[in-house]
Amino acid sequence: TPGLMSPMGHATRHSVDTPGMTPFTAASTAQSPGVFGGFGRASGGVGEEDLPVSLAYAIPEVDVRKPPIDIAPLAAIVSEVVASSRAETVASLEVAARFKEVTEQLARGRHRPKAAVHCWELVRCMTRDRPYQGEAFAGGRRKPEAQRFFAAGSVRFLEDKALNYMQNVIQRRGKPRGGTSRHEAPRLSAARAWILMHKDTPSWNTWYSTDGEASVDGLPLWPQVFFCFRTGGYGEAAALLAKSGVNEAAEVALDAIAKTLEYSFDPTQPKPKVPLDAIDDLTRQWTSLEEKGKRQHIDPFHLEMLNLLGFAAVSGGKINRTVYSTMEDFVWQKLVVALCSRLWQNAATGRTDASAGVGFTVDRVAQQLLEKGPDYFDPDHNAPFRYPQLLLLCGRFERAIDHLARQPKHAPDAVHLAVALHYFGALSTRYVPDPSDAGVGASGGFSAGFDEAAAGGAGGAGGGAGSGVGPPALPDGEGYYPRKDGFLVYTAEEAPGAATHEIESLDLAALINWYTTNLLPHNCAIAAEYICALRDDVARMALLRQLLRRSRGYDVLLGSLSEETLVRHGGHLYTIMEGEAVNDLVMSAAQRAKENGYNLDALAMFLRADDPHEAGIGRGSRRSDKLRAIVDILNTQLAELLVPSSGAAGSAAERNAWKSFAEEVAEKLIPRYNRDHIDADDVLSGQLQTLGMLMDLHDFINLVMDGRYSDALTQLDNLGVVPHPEPGDEERAEHVFTELDPRIRGRFNIVLEAGMECLFRLFSHAKPERARNPARVEELRARARALISFH
C-alpha cells in the first residue's frame, strides 16, 4: 500500500471506510488548502450556542403535562397501590372502595359513566377489598375455593342491588298502605311493600292464589319468602316459613343454603351440614307441583322456591320469567346453585335425573353467558358495561377487562379494573413480549431513541396512537402457543388422562403499555406508577425500559444531574422502587441503548446509575461497570468524531459537544472514583488511558484546524505516537501504535494526515527563508520522510 505521499512528493487520496466518518476532501477554505485540505473550521450546521453546555442538560427536556381530569384522581389511587405493594407490611388499602368513590365523583361530572360505579361495587363485594392473597386466588375461576369466594361476593352484590332497586322504586312511588310495619326488618318490609305495589296490577292474580296457598299477615307466603331470599334476607325468609308452619323441609333446606352462602362469603363461618332428606322431599314436592301446574294455576313463587331449595332443575337453561325478570336475576339463581353444588352432589348420589346436572359450577354459568355473546346482551351497543359486568359476576375477569379495553372510550376503566384485580391477586396474567415492539423514541438531541431492534413504529406493544386498540392478533395454528387475541393470551394445558385445552390469561403488561403509550404520552412519572403495579419482574423491567426509550424522561424518572458535580439527585423511580432494582434497570437499558448505537441516551442513563458516594460496601464492581461503560462511550464517540464529517450539518457542533462531555467526566466524575480508592481493573485502566489520548488528539486536531501548526506539531511530539528521524525511533513508535486502542488505530490515518499538514504548512513557510535557516528546512524534510515511512 503506497504511503500518504508518493516518493515524488505528490499527494494521493486514501479513504478509510469508517462508520460515521466521511473521508477528507479538498474542500475550499478561507486559506489555500494544503496537500491534505479539509482541516479548516467547518461552517454551517448547529452553532455553538445551540449545544448543551453540560452533560446535565445533554438530553432535551421532556414535555410533561397534567393528565386529563378523568385520569389524575384514578392515577393517584394507582400510586397508593404501588406504595402498598412495596411496603414490608401490607397495609389495609380499600382499593375497590377508593376507585368507586372517585368514579362516583367523575360520574357526577360526566367524566365517567355511572355504570362504571356498579362495576367497582361489584369488585368490592367480590374481593372484600382484601390485600394481596399471594397465589391463592390467581386464576380464580379454575380453583374451587377461589370460585366460591368470588361467587359469594357476586351473590351478595346482586342481593344488595336488588334490595336497593326495590327500595328506590317504593320511595319514588310512595310506600303502599297496609301489610307493612315500621318495626319490620328492611328486607321484609321491602318485600311486602313490593308485593302490595302490584295489588292492582295483573301480576297480583299471578302472585296470589287462593287455591290452598298459605299466607302470612294477609299476604301470600311464597312471594314474601322469595323476595326476602332474593335480597339476602335469609333470616326473614326462614322466619316467614316458621311462622306459616306449612313446610318443615323448606325450613331445613333454607337454613342449610343460607349457612352455605354465608360460609362461601366468609370461610371462617362454620361449615353447614347437608340436609339430604329435606332436599329429597323438596324435589318430590317440586315434581308434584310442576305436574299440577300443567292442569291449573299455581303460585310460581312456590314452584321456584321448591326448585331453589331442592335443586330440582335450576342448573338448566330454563327460567321462570314470572319470577325472574332480568339477566341479573338469572345469574343470581345460577350462582346460588353453583355455590351449593357440593350440597347437590351429595344429595344426588344414586339419582339419574340429568336435568339438574350434578356438579354445577360457576364456569358453567360463565359458559352459558359466553355462548350468547356481547351482542345478545347489548344489541344496540349503548350499554358497554352490561356484558363485562355479567362476566365479572361469573369470575371471568380477564375476558371482561379485554372487552372493555377494546373500546377506546372505556380503556381507562379496563386498566383500573385490571390494576385493582391484579392487586387482589385475582387475575390470571401472562406476559408475552411483543415482537413488533421495536419503535424509536421521540426525536431530538443527537439520537432518536433506542430499543432491542430497529424495525416497527412508535408506541410499543399495543401499537401507536393511530393503530387499533390492543396488540395485533398473533397467528394460531397446530402447536402454536401462546396464542394471542387482543389482550388475551391462550396457552395449552394438558391434564392427566384428558385432552389438551386452552387456558385464558390476560396480558396485563400489554394493556398497561398500550394505555401509558396512548393516553399518558406526556406523563412518564405517572406511566411508571402504572407499570410498577405489575408483579411480574420481567414484564415490569421490560416496560420500564420501553418507557425510558419512549419518553427519554431521564431527569424525571432517574433524577437530574448536578452541573457542578454530575451527582444524581431525585428520580421518581427511586421513590417507588428499590434502589438496587432501579440501578439494574438503568444499567440494562443503558447497555441496550449503547449496543444499538444511541450513545447519548446510554451516557445519560449510565451517569444516573449507582453513584460512588451512594454505593455500599462491596459494590466496587458495579461502580467499575458504570465508569467503564461511560468511558467506553466517550472513547467511541471521540474516535468517530476526531474530525468533523465533511458536509454533515452539525457535525462540528456534535464533535465539540462530545469533547466537552469527556472533559466534564474527566474533571468531575473520574476523580470521585480515585478519591474513593476504587481500584480500576486492567480494562478500565486501558480505557482511561485511551480517553486521555483521544482528548489530546482532539486538541491536536483543533490546533491544526485553527492554523496553529507549530503548536500542533509540538502537541503531536508530546503524545509520542509518531516517529522522529533519529535511529530506532520508528521501532518505538511502532510499539506505541500496537498498544493503542483499536478505535484509535482505525483513525490513525487522520493523525498522520494532520501531522503531514503541519509539516507541509511549516515547510511552505520556511522554504523562502532557506538561505537563512537551512537546518530548519532539512529538519522538516526529514520528519516528513519519517512520517511517510512509518505509515
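Considering only residues that are at pLDDT below 90 and either over 36 Å from the mean Cα position of the chain (by Cα) or of a type in the set (Lys, Arg) (or both), which ones fall in the range 629-654?
Passing the criteria: Val643, Pro644, Ser645, Ser646, Gly647, Ala648, Ala649, Gly650, Ser651, Ala652, Ala653.
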Residue pairs meeting the criteria (Cβ under 8 Å; at least 6 apart or on separate chains; first in contact (Cβ under 8 Å) with a residue 24 or more places away in the chain, in the range 771-791; second of a type in the set (Asp, Glu) and open to solvent by less than 50 Å² (accessible area, probe 1.4 Å)): Ala786/Asp729
Cross-chain or 6+ apart pairs with Cβ under 7 Å, the range 655-670 first and on the phi > 0 side of the Ramachandran plot and open to solvent by less than 40 Å² (accessible area, probe 1.4 Å), then at pLDDT 90 or above and part of a helix (DSSP H, G or I): none
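Kindly check whether there is at least one residue in the range 746-758 that is open to solvent by 50 Å² or more (accessible area, probe 1.4 Å), modelled with pLDDT of 90 or more and part of a helix (DSSP H, G or I). Show your work before the answer.
Step one: filter the range 746-758 for residues open to solvent by 50 Å² or more (accessible area, probe 1.4 Å), giving none.
No, every residue in the range 746-758 fails to be open to solvent by 50 Å² or more (accessible area, probe 1.4 Å), modelled with pLDDT of 90 or more and part of a helix (DSSP H, G or I).
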All positions within the range 590-602 that are among the small types (Gly, Ala, Ser), surrounded by fewer than 24 Cβ atoms within 10 Å (Cβ to Cβ) and in a helix (DSSP H, G or I): none
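From the list Tyr530, Tyr515, Tyr554, pick out the single residue that is in contact with a Lys or Arg (Cβ under 7 Å, 6 or more places away or on another chain), open to solvent by less than 10 Å² (accessible area, probe 1.4 Å) and modelled with pLDDT of 90 or more.
Details: Tyr530 fails: in contact with a Lys or Arg (Cβ under 7 Å, 6 or more places away or on another chain); Tyr515 fails: in contact with a Lys or Arg (Cβ under 7 Å, 6 or more places away or on another chain).
Only one candidate qualifies: Tyr554.
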The listed residue being over 20 Å from Trp332 (Cβ atoms), open to solvent by less than 20 Å² (accessible area, probe 1.4 Å) and at pLDDT below 95, out of Leu196, Leu221: Leu221
Scan of the range 564-596 for residues that are without any contact (Cβ under 8 Å) to a residue 12 or more places away in the chain and closer than 23 Å to Arg655 by Cα, ordered by number: Glu595
Residue within the range 175-192 that is open to solvent by less than 20 Å² (accessible area, probe 1.4 Å), among the hydrophobic types (A, V, I, L, M, F, W, C) and at pLDDT 90 or above present: yes
Residue count, the range 107-116 (criterion: surrounded by fewer than 21 Cβ atoms within 10 Å (Cβ to Cβ) and of a type in the set (A, V, I, L, M)): 2
Residue ranges of helices (runs of 4 or more DSSP H) in the range 651-734 with at least 3 members among the β-branched types (Val, Ile, Thr) and out of contact with any His (no Cβ under 9 Å at 6 or more places or on another chain): 682-705
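Residues checked against (1) under 26 Å from Phe227 (Cβ atoms); (2) at pLDDT 80 or above; (3) surrounded by fewer than 20 Cβ atoms within 10 Å (Cβ to Cβ):
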{"position": "Lys273", "(1), (2), (3)": "no, yes, yes"}
{"position": "Phe311", "(1), (2), (3)": "yes, no, no"}
{"position": "Thr326", "(1), (2), (3)": "yes, yes, yes"}
{"position": "Leu335", "(1), (2), (3)": "yes, yes, no"}
{"position": "Val358", "(1), (2), (3)": "no, no, yes"}
Members of the range 554-589 that are part of a loop (DSSP other than H, G, I, E, B), under 13 Å from Met541 (Cα atoms) and among the aliphatic types (A, V, I, L, M): Met577
Which numbered condition Val90 misses (of (1) modelled with pLDDT of 85 or more; (2) surrounded by fewer than 18 Cβ atoms within 10 Å (Cβ to Cβ); (3) touching a Pro at 6+ places or on another chain (Cβ under 6 Å)): (1)
Answer residue from the range 93-106, given it is open to solvent by 80 Å² or more (accessible area, probe 1.4 Å) and either assigned to a helix (DSSP H, G or I) or small (Gly, Ala, Ser) (or both) and is modelled with the lowest pLDDT among those: Gln105
Residue match in the range 147-154 (condition: in contact with a Ser or Thr (Cβ under 6 Å, 6 or more places away or on another chain) and either crowded, with 20+ Cβ neighbours inside 10 Å or modelled with pLDDT of 95 or more (or both)): yes
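The values are calculated or read from the model by the stated rules, or taken from the named source; none is laboratory data. Values in this document were obtained by computation on a predicted structure and should not be read as measured data. For neighbour counting, all protein chains shown are included, and Cβ atoms are generated from backbone atoms with ideal geometry for every residue, glycine included. Surface areas here come from the heavy atoms of the whole protein model, side chains and all, with no ligands, DNA or RNA. Shrake-Rupley method; radii C 1.70, N 1.55, O 1.52, S 1.80 Å.
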